[in-house]
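Student: Quick one: the structure is below, and I'll ask about it shortly.
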Amino acid sequence: LADLDAPLPLTLDAALGDVARLIAASAPATATAGADLPVALAWRAQSPSATAFKVTVQLLGPDGRPAAQHDAEPAAGARPTTGWLPDEIVLDRHAVTLPPDLPPGDYTLAVALYHPLTAERLPLTGGTAAAVAPGLVRLGAVRVD
């Protein structure tokens, strides 16, 4: 991870299809309703992709449904998966805008890569990371105050 601008505190291992491995992430443990929740992801490219997959970062409520989410191509569209080279590390930042009326409580932060036309998520094909739903990798807990 030496090529990242700063080490990300959460080390992960989540292979998504044959496209990428999610190897690290960073997000605050607490958040405020109505504010942005900054999330940084580090991907290790596995193989070139003919599809420009999108990333979804979701804050899931106790019912498992998204309470807030941010969707974009990696690095705000600057690093589409179609240009990734094997073993390249891609830093990908997202700002998840939390609704102002989001109830206080404990939420789960999760991420996935998905097809932009079908919305089908790439499957979790290896690694040690936990999935909260098919293809949706658990990053951790966030407390909303």
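The values are calculated or read from the model by the stated rules, or taken from the named source; none is laboratory data. In this text, all values refer to a predicted model and were calculated from it rather than measured experimentally. Neighbour counts run over all protein chains shown; Cβ positions are idealised from the backbone, glycine included. Note: accessible area is taken over every heavy atom of the protein model, side chains too, but ligands, DNA and RNA are not part of it. Shrake-Rupley method; radii C 1.70, N 1.55, O 1.52, S 1.80 Å.
Student: Can you classify the range 106-145 as rounded, prolate or oblate using the Cα gyration tensor, where a ≥ b ≥ c are the square roots of its eigenvalues, rounded means a/c under 1.5, and otherwise it's prolate if a/b beats b/c and oblate if not?
Tutor: Verdict is oblate for the range 106-145.
Student: How big is the charge dipole of the chain about its Cα centre, in debye rounded to the nearest 20, if each Lys and Arg gets +1 on its Cβ and each Asp and Glu gets -1 on its Cβ?
Tutor: That gives the chain a dipole magnitude of about 160 debye.
Student: Label-point separation (nm) for Thr82 and Asp145, each offset 7 Å from Cα along Cα-to-Cβ?
Tutor: So the label points at Thr82 and Asp145 sit 4.4 nm apart.
Student: Moving on to the next point. Over the Cα atoms of the range 17-59, what Rg and Dmax result, in angstrom?
Tutor: 13.4, 38
Student: Gln46: net charge of surrounding residues, Cβ under 14 Å, Lys/Arg +1, Asp/Glu -1, itself excluded?
Tutor: Net of charged neighbours comes to -2.
Student: Follow-up question, since we're still on this one. Assuming R0 = 25 Å, can you tell me the calculated FRET efficiency for the pair Thr97 and Thr128, based on Cβ-Cβ distance, to the nearest 0.05?
Tutor: With R0 = 25 Å, the Cβ-Cβ based efficiency is 0.25.
Student: Share of the chain's accessible area from carbon and sulfur, percent, 1.4 Å?
Tutor: Answer for the chain: carbon and sulfur cover 54 percent of the accessible area.
Student: In Å², and per residue, what accessible area does the chain have when probed at 1.4 Å with the other protein chains present?
Tutor: Accessible area per residue, the chain: 47 Å².
Student: Over the Cα atoms of the range 46-91, how large are the radius of gyration and the largest Cα-Cα distance (Dmax), in Å?
Tutor: 13.2, 38
Student: As an exercise, use a Förster radius of 22 Å and the Cβ-Cβ distance of Thr30 and Gln69 to find the FRET efficiency, rounded to the nearest 0.05.
Tutor: Given R0 = 22 Å and the Cβ-Cβ separation, E is 0.75.
Student: Can you tell me what percent of all Cα-Cα pairs in the chain are more than 18 Å apart?
Tutor: For the chain, the share of Cα pairs beyond 18 Å comes to 52 percent.
Student: Under a Cβ-Cβ cut-off of 12 Å, what is the net charge of the residues other than Pro80 that fall near it, where Lys and Arg count +1 and Asp and Glu count -1?
Tutor: Once all neighbours under 12 Å are counted, the net charge is 0.
Student: In the neighborhood of Leu136, defined by Cβ-to-Cβ distances under 14 Å, what is the net charge if each Lys or Arg adds +1 and each Asp or Glu adds -1?
Tutor: The answer is +2.
Student: If you average the sequence gap of Cα pairs under 8 Å that are 6 or more apart and divide by the length of the range 57-145, what percent do you get for the contact order?
Tutor: Taking the mean separation of contacting Cα pairs over the length of the range 57-145, I get 28 percent.
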